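Beneath this line is the structure, given in structure tokens, with notes to follow.
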Amino acid sequence: MTEHTVLFVDDEENILNALKRALGHEKYRVLTAASGPEGLKMLEEHEVHVVVSDQRMPEMSGTEFLTHVMRRYPDVIRIVLSGFSDVGMITEAINRGNIYKFFPKPWNDEVLKMEIESALAHYELIHLNKSLHQKILDQNEELKRYSESLEETIRIKNQELEIQNKFFKLSWEILDNIPMPVIGVSEHGIVVLTNGAASRLSFDGRQITAGGDIADYFPEIVMEAFHSGLSGKTLSGVKDYAVGEEHFDIDMSPLSGKENRSSMILLFRRKTP
């Protein structure tokens, strides 16, 4: 935490000396100025947290000086130290917000110490509230940026999905309309896709459909080739396989590549008589 600094402004040197003696052993630093203009110069040169000013000064009154302080350094806690004859003017300044508090002359050292400690605590509370408020603003701004970034990411992903869907739709239309029968089978032997040509084939009077077990449609010779292809031992296939009155060479290719064979594509190439 930054060391607290209290600035006292009074045109009477004996008053300033008395204040320094009374507060010289406190935890905060004490600065003094002999006039309002000198006090403003001190504020330019030092970080001040509390200003205590006399009211009756020749060049600039205390309330005038503290009004300048409020405009230039709004966070600084402003206090007037003056006689009771100025109470009406000082009360008006307090009501306008130019002044935080009024200390009467002559003062009690212990009461003055407690009041300055209270003013410093008030400064810290204001500073903390501002810091928390700024933190909330920063977090809201960060959340807004994250939300905008997320929306943009979702928009891009949606565009990508739309393109992929169009691509898959086009690919499926092409696959579905090629004249060679094509069957996709999962690693567990479940039929996952059949194109139009494959769905028109008759396997012992049955049409092969997605969701069925490949073993229900093909004999052992085809199943051995299928499992051999999944195991990665070789690119498998079956030659001259009869489906009804037609004969095909069945090529079996892994859908996920040689290193990760999770499904197979069965491509039926018709044999010409």
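The values are calculated or read from the model by the stated rules, or taken from the named source; none is laboratory data. The shown structure was predicted, so the numbers you read here are calculated from the model rather than taken from an experiment. Cβ sites come from the backbone with ideal geometry, for glycine too, and all protein chains shown count toward neighbours. Please note that ligands, DNA and RNA were not included when accessible areas were found on the heavy atoms of the full protein model with its side chains. Shrake-Rupley method; radii C 1.70, N 1.55, O 1.52, S 1.80 Å.
Give, in nm to one decimal, the length gained when the segment between Glu13 and Leu161 is fully stretched (0.36 nm per residue of separation minus the Cα-Cα distance). Please list the in-between numbers first.
Numbers: separation 148, 0.36 × 148 = 53.28 nm, distance 8.03 nm.
Fully extending the segment from Glu13 to Leu161 adds 45.2 nm.
Trypsin sites (Lys or Arg not before Pro), restricted to segment 28-111: which are DSSP loop and have at most 16 other Cβ atoms within 10 Å? List each step's numbers first, then the result.
Numbers: sites: Arg29, Lys41, Arg56, Arg71, Arg72, Arg78, Arg96, Lys101; in loops: Arg56.
Passing sites in segment 28-111 are Arg56.
With a 1.4 Å probe and all protein chains left in place, how much of the accessible area of segment 135-270 comes from carbon and sulfur atoms, in whole percent? Could you put the intermediate results ahead of the total?
Working: 4800 of 8950 Å².
Carbon with sulfur: 54 percent of the solvent-accessible area.
Subtracting the Cα-Cα distance from 0.36 nm times the residue separation, let me have the gained length for Arg71 to Glu59 in nm, one decimal. Spell out each step's value before the answer.
Values: separation 12, 0.36 × 12 = 4.32 nm, distance 1.88 nm.
Taking 0.36 nm per residue and subtracting the Cα distance, the gain is 2.4 nm.
By average Cβ neighbour count within 10 Å, what is the ranking of 199-207, 60-68, 12-20 from highest down? Let's see the in-between values first.
Numbers: 199-207: 12.1, 60-68: 21.8, 12-20: 14.2.
Listed from highest to lowest mean packing, they are 60-68, 12-20, 199-207.
What figure, in Å² to the nearest 10, do you get for the accessible area of Tyr100 with a 1.4 Å probe and non-protein molecules left out?
Looks like 70 Å² after rounding.
Treating only the Cβ of Lys, Arg, Asp and Glu as charged (+1, +1, -1, -1), what charge dipole size does segment 6-144 show about its Cα centre? Round to the nearest 20 debye. Before the final figure, lay out each step's value.
Numbers: 16 positive and 23 negative charges, 55 e Å.
My answer is approximately 260 debye.
I want to check a number: in segment 100-217, how many lysine pairs have alpha carbons closer than 23 Å, given a sequence separation of 8 or more or different chains?
Numbers: Lys101/Lys113; Lys101/Lys130; Lys105/Lys113; Lys130/Lys144; Lys135/Lys144; Lys144/Lys157; Lys157/Lys166; Lys157/Lys169.
Count of close lysine pairs: 8.
Can you compute the modelled spin-label distance between Ile178 and Arg21, with each label point 7 Å from Cα toward Cβ, in nm?
The answer from the label model is 10.5 nm.
Take the chain, connect every pair of alpha-carbon atoms lying under 10 Å apart with a spring to form a Gaussian network, then pick out the residue of Val50, Val80, Val222 with the largest mean-square fluctuation.
Looking only at Val50, Val80, Val222, the largest GNM fluctuation is found for Val222.
Only helices at least 24 Å long along their own axis, judged from Cα atoms, and with Kyte-Doolittle mean hydropathy of -1.0 or greater: name those in the chain from DSSP H. Present the calculation step by step, with values, prior to reporting the outcome.
Working: long enough: 109-177 (100 Å, -0.72).
Length and hydropathy pass: 109-177.
Please work out the C-alpha center-to-center distance from segment 113-183 to segment 24-94 and express it in whole Å.
48 Å
Rounded to the nearest 500 deg cm²/dmol, what is the calculated helix-only ellipticity per residue at 222 nm for the chain, with -39500 (n - 2.57) per DSSP H run of length n ≥ 4? Mind showing how you got there, number by number?
Details: 7 runs with 127 residues, N = 273.
Dividing the helical sum by the residues of the chain leaves -16000 deg cm²/dmol.
Choose one of Leu19, Met42, Ser53: the residue whose Cα lies farthest towards the positive end of the charge dipole of segment 1-60 (beta-carbon charges +1 Lys, Arg; -1 Asp, Glu; about the Cα centre).
So the residue furthest toward the plus end is Leu19.
Would you mind working out the magnitude of the charge dipole of segment 119-183 relative to its Cα centre, with +1 at each Lys and Arg C-beta and -1 at each Asp and Glu C-beta, to the nearest 20 Debye? Walk me through the intermediate numbers first.
Details: 8 positive and 11 negative charges, 18 e Å.
Approximately 80 debye in magnitude.
How high is the FRET efficiency from His247 to Glu148, r the C-beta distance, R0 45 Å, rounded to 0.05? Please list the in-between numbers first.
Details: r = 62 Å, r/R0 = 1.37.
Efficiency for this residue pair is about 0.15.
Any idea what the relative contact order of the chain is, in percent, if you count C-alpha pairs under 8 Å spaced at least 6 apart? Kindly include the intermediate steps, with their values, before the conclusion.
On the way: 396 pairs, mean separation 27.2, N = 273.
10 percent.
Would you mind working out the magnitude of the charge dipole of the chain relative to its Cα centre, with +1 at each Lys and Arg C-beta and -1 at each Asp and Glu C-beta, to the nearest 20 Debye?
Details: 30 positive and 43 negative charges, 122 e Å.
It comes to approximately 580 debye.
So, taking all protein chains as they sit and a 1.4 Å probe, how much accessible area belongs to Asp216, in Å² rounded to tens?
Ignoring ligands and nucleic acids, Asp216 comes out at about 90 Å².
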